[in-house]
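The values are calculated or read from the model by the stated rules, or taken from the named source; none is laboratory data. All values reported here derive from a predicted model rather than from experimental measurement. Because the Cβ atoms are built from the backbone with ideal geometry, glycine has one as well, and the counts that use them run over all protein chains shown.
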């Protein structure tokens, strides 16, 4: 089975992540940041993966260290779970509506980290004191650790909560498609190079 367990402890954070790409067990997310728990739960549910995250950190300073380190740990778990990447579809995209918000997410499991992030959240919007700028930091940390190319673009949206939901749900859907087994099975790694 394609799974991984990552433990990341620093002077600022303490994170344990279990990831299973082939299990439908209910996700368990606890990061001490309620809004981020909600987003990660949506991502896990719509990906169809089992994701268990237990994380805490120096959120008395702010949430940046913890959210970025969760991205690092989750990206590391994803890379480990995918192994040699044989038989995966590799590319996927998803257009995710969430009420008035619409986001486009495209993924390439390429072993080449690149993030194109075109999301504008509304300024001075408070949702459980969450800093929406940290979403970009999370995805940047994740793609650098996982070695994936990720494009996220907001087509339109008014409510920051809905915008964030469309991004996390869309990422879950696109990632699920990209790591699924496809017609590449007989050819091994989905690249003309023979290696990603």
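Annotations for the structure displayed:
- In segment 51-81, the residues that are under 26 Å from residue 103 (Cα atoms), more than 13 Å from the chain's Cα centre (by Cα) and crowded, with 19+ Cβ neighbours inside 10 Å: 63, 66
- Close Cβ contacts (under 8 Å, 6 or more residues apart or on different chains) running from residues in segment 34-51 that are farther than 16 Å from residue 20 by Cα to residues that are modelled with pLDDT of 95 or more and not in a helix (DSSP H, G or I) comprise 36/63; 37/29; 37/30; 37/31.
- Looking across segment 59-82 at every residue that is touching a strand residue (DSSP E or B) at 6+ places or on another chain (Cβ under 9 Å) and without any contact (Cβ under 8 Å) to a residue 60 or more places away in the chain, the one that is farthest from residue 29 (Cα to Cα) is identified as 65.
- Test: residue in segment 106-113 that is closer than 22 Å to residue 31 by Cβ, buried (at least 20 other Cβ atoms within 10 Å of the Cβ) and under 14 Å from the mean Cα position of the chain (by Cα): no
- Residues that are surrounded by fewer than 16 Cβ atoms within 10 Å (Cβ to Cβ), within 28 Å of residue 162 (Cβ to Cβ) and in contact with a strand residue (DSSP E or B) (Cβ under 9 Å, 6 or more places away or on another chain) within segment 1-36 comprise 24, 25, 26, 28, 30, 32, listed in sequence order.
- Of the strands (runs of 3 or more DSSP E) contained entirely in segment 83-155, those carrying at least 1 residues that are within 25 Å of residue 65 (Cβ to Cβ) and out of contact with any helix residue (DSSP H, G or I) (no Cβ under 8 Å at 6 or more places or on another chain) fall at 114-118.
- Filter result for residue 62 (at pLDDT below 95, assigned to a loop (DSSP other than H, G, I, E, B) and closer than 21 Å to residue 121 by Cα): yes
- In segment 83-102, the residues that are within 22 Å of residue 148 (Cα to Cα) reach residues that are modelled with pLDDT of 95 or more and assigned to a strand (DSSP E or B) with C-beta atoms within less than 6 angstrom, at least six apart or across chains, in these pairs: 91/108; 92/107; 93/106; 94/105; 95/104; 96/103.
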